[in-house]
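Working notes for the structure below.
The values are calculated or read from the model by the stated rules, or taken from the named source; none is laboratory data. Predicted model only: the values in this text are computed from it and were never measured. Reconstructed Cβ throughout: ideal geometry from the backbone, glycine too, with neighbour counts over all protein chains shown. Quick note on the areas: whole protein, heavy atoms, side chains included, nothing else; ligands and nucleic acids left out. Shrake-Rupley method; radii C 1.70, N 1.55, O 1.52, S 1.80 Å.
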Amino acid sequence: MAFFDFLRGKQQPKHMKRSYYGAETGRLFSDFITQSLSADSEISPSLRVLRDRCRQLSRNDPYAKRYIQILNSNVVGSAGVRLQVRKRNPDGSLDTPGNRIVENAWASWGRKETCSIDGRLSWNQCQRLFIETLARDGEVLVRKIKNPRGNRFGFSLQFIEADYLDESYNNTATNGNEIRMGVEITKEGKPVAYWLFEDNPSHTNGFGRPNYRNRIRVPADEIIHSFIQERAGQTRGVPMMANVLSRLKMLDGYEEASLVHARVAASKMGFFTSPSGDEFIGDEYEGAAPLMDASPGTFSQLPEGMSFESFDPSGVGGADFADFEKAILRGIASGLGVSYVSLSNNLEGVSYSSIRQGTMEDRDNFKMLQQFMIEHFVDDVYRSWLEQAITYNAVNLPMSKYDIFADQVTYRPRGYPAIDPQKEVNANIAAINSGIMTLQDVHGQNGRDTEEVFEQVAREKDLAERYEIQTAFQPFGNKLPATATVEGSEAEEDGDV
């Protein structure tokens with residue numbers, strides 16, 4: 001058999017093509033990283049650099065700053081997330097007095113004097129700082145301070161920068177728990193404590209040296225650690241701008257190069273040359289280079305043998321700059337989850353249908369961030385505050401009712417105005433009449449509550465009656481027919497005249 005195999009020749013093995021083109025190897029895929037690492041193994045060596053670069057861009061890059069402004073205005077808004085307590089009585093009716101006690105106390109605590117431990121941040125400002133830190137640093141650390149002095153609610157918040165949590169600190173605790181990037185976790189991955197520096201390690205003490213301090217162990221029930229988890233087993237958060245850092249930096253460099261090119265081209269510089277190499281004596285010198293006065297409307301005679309060669313740079317800028325910038329910004333906007341129109345503030349060539357589609361997609365993303373902030377920050381703060389407020393008698397309720405008032409609440413984030421009010425109002429009316437939507441569904445789109453709307457309408461109606469003013473509209477239902485009134489004497493009415 002071996003002899004016949006020799007006559008047939010040695011068969012070449014067939015090349016097996018991979019099932020997924022993305023798994024191909026070769027010259028075009030040689031720089032494709034294929035190493036498998038856990039989420040924390042990927043994050044740990046890069047986290048500090050990513051965080052510092054995102055902070056630098058948010059300070060100096062206009063598009064990074066614009067992104068944070070978009071999140072602040074669309075996720076938090078001017079009023080932030082509002083609390084509405086919906087505790088009900090045994091008969092199903094709302095416990096209006098009890099609900100108002102909690103809501104009024106919550107609003108009173110939200111002032112900056114009691115909300116933050118340093119007395120600088122109101123509750124609305126805390127929400128804006130939360131979403132801004134989440135986008136810039138990738139994670140938010142808030143310490144819940146109980147029993148602070150001079151606080152009648154017994155509760156305050158302290159925002160802590162992520163620098164306090166050392167991403168290079170990996171160890172095994174004395175109780176057997178793993179300390180991973182400063183977070184002490186159980187075998188199941190649940191955080192039980194945070195090992196924080198006593199002071200910000202990036203703070204300088206006036207001599208240009210970092211002011212390091214010892215670490216302290218803070219139980220996890222005193223810390224709110226919020227970040228968007230992208231992989232299972234992830235312990236620390238990554239900045240939301242991390243995937244567009246290189247594009248933002250390159251775009252900034254390209255804009256700078258284009259600006260320098262435009263300034264150089266507008267200067268119309270040139271060089272003096274001569275075949276014999278004789279030195280040109282200009283009007284003045286700047287260093288070792290001779291200069292010549294080039295005032296508008298003047299002509300100068302060059303020495304014999306001298307000639308002038310203009311310097312007209314080309315290559316960057318011009319008509320290609322706008323197209324290049326638009327293409328890069330579209331990629332950046334996609335990576336950040338916002339529309340190009342919002343990020344660039346460019347409404348050129350935008351139609352109603354396209355801007356409506358982009359706005360609707362933006363709002364869906366903002367709503368997800370609103371829900372994340374409610375679940376990972378607002379609700380935690382409210383529950384901790386309510387427990388302390390009842391303990392300190394700042395809320396006149398027995399502790400036995402804590403669970404009821406803690407659970408039966410509704411958080412209302414900011415709503416969004418209609419893009420085309422007339423069309424959307426008519427569509428909402430048709431949906432309500434057909435039973436597809438309720439009044440609360442419609443009011444919830446604007447961040448309002450039906451009960452609040454009814455109360456406001458009733459107050460305005462009473463106010464109009466007090467001042468004997470008849471309004472020309474009747475909300476909620478068919479318009480009432482106008483009633484004719486005839487003014488005259490009783491005699492005229494009886495027909496005696």
Mean-position separation - Cα centroids, region 364-421 and region 124-170, in angstrom: 17 Å
When each of K144/K190; K326/K367; K87/K367; K326/K423 is checked by Cα-Cα distance, pairs over 23 Å: K326/K367; K87/K367; K326/K423
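At R0 = 25 Å, how high is the FRET efficiency between N345 and R448 if r is their beta carbon distance? Nearest 0.05 is fine. Don't skip to the answer; put the middle values down first.
Values: r = 29 Å, r/R0 = 1.15.
Efficiency, from the Cβ-Cβ distance: 0.30.
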Region 26-129, accessible area per residue, ligands and nucleic acids excluded (1.4 Å, Å²): 56 Å²
Per DSSP, loop GluC sites (Glu not before Pro) in region 63-170 with at most 10 further Cβ within 10 Å: none
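Pop the C-beta distance of S353 and D31 into the FRET formula with R0 = 41 Å and round what comes out to the nearest 0.05. Don't skip to the end; give the middle numbers.
Details: r = 41 Å, r/R0 = 0.99.
Efficiency for this residue pair is about 0.50.
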Order by protection proxy (mean Cβ within 10 Å, highest first), peptides 37-45, 122-130: 122-130, 37-45
Peptides ranked, highest mean first, by Cβ atoms within 10 Å: ranges 346-359, 182-195, 462-475: 182-195, 346-359, 462-475
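Taking the convex hull of the Cα atoms, report for region 93-179 its projected area averaged over all directions, in nm².
Working: hull surface 37.0 nm².
One quarter of the hull surface, i.e. the mean projection, equals 9.2 nm².
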Equivalent ellipsoid semi-axes - Cα gyration tensor, region 350-432, angstrom: 39, 16, 9
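For region 390-474, report the convex hull volume of the alpha-carbon atoms normalised per residue, in Å³, without decimals. Provide the component values of the computation, followed by the final result.
On the way: hull volume 14.5 nm³, N = 85.
Hull volume normalised by residue count: 170 Å³.
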Estimated distance in nm for a label pair at R48 and A418, the labels positioned 7 Å out from Cα along Cα-to-Cβ: 5.5 nm
Accessible surface of region 104-259 [probe 1.4 Å, protein heavy atoms]: carbon and sulfur percent: 46 percent
Residues T96 and N393, FRET efficiency given R0 of 22 Å [Cβ-Cβ distance, rounded to 0.05]: 0.55
Approximate spin-label separation I228-R383, in nm, with each point projected 7 Å along Cα-to-Cβ: 2.4 nm
Per residue solvent-accessible surface (Å²) - region 136-220, probe of 1.4 Å: 53 Å²
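Quick one: length gained pulling N200 to Y467 fully straight, 0.36 nm per residue minus the C-alpha distance? Show your work: numbers first, answer last.
On the way: separation 267, 0.36 × 267 = 96.12 nm, distance 6.07 nm.
Between N200 and Y467, full extension yields an extra 90.1 nm.
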Integer Hz, Karplus 6.51/-1.76/1.60 couplings in order for region 86-95, x for Gly and Pro: 10, 5, 10, 7, x, 7, x, 7, 6, 7
Packing rank of 82-88, 321-327, 386-392, where each peptide gets the mean count of other beta carbons within 10 Å, highest leading: 386-392, 82-88, 321-327
K367-S334 pseudo-label distance in nm [points 7 Å out on the Cα-to-Cβ vector]: 2.4 nm
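Report the extension gain between D403 and N60 in nm, rounded to one decimal, defined as 0.36 nm multiplied by the number of residues separating them, less their alpha carbon distance. Can you show the working numbers first?
Details: separation 343, 0.36 × 343 = 123.48 nm, distance 4.67 nm.
Extra length from D403 to N60 when fully extended: 118.8 nm.
Let me know the charge dipole size of region 25-178 about its Cα centre in debye, to the nearest 20, where only the beta-carbon of Lys, Arg (+1) and Asp, Glu (-1) is charged. Walk me through the numbers before you get to the answer.
Values: 23 positive and 18 negative charges, 174 e Å.
Computed about the Cα centre, the dipole is about 840 debye.
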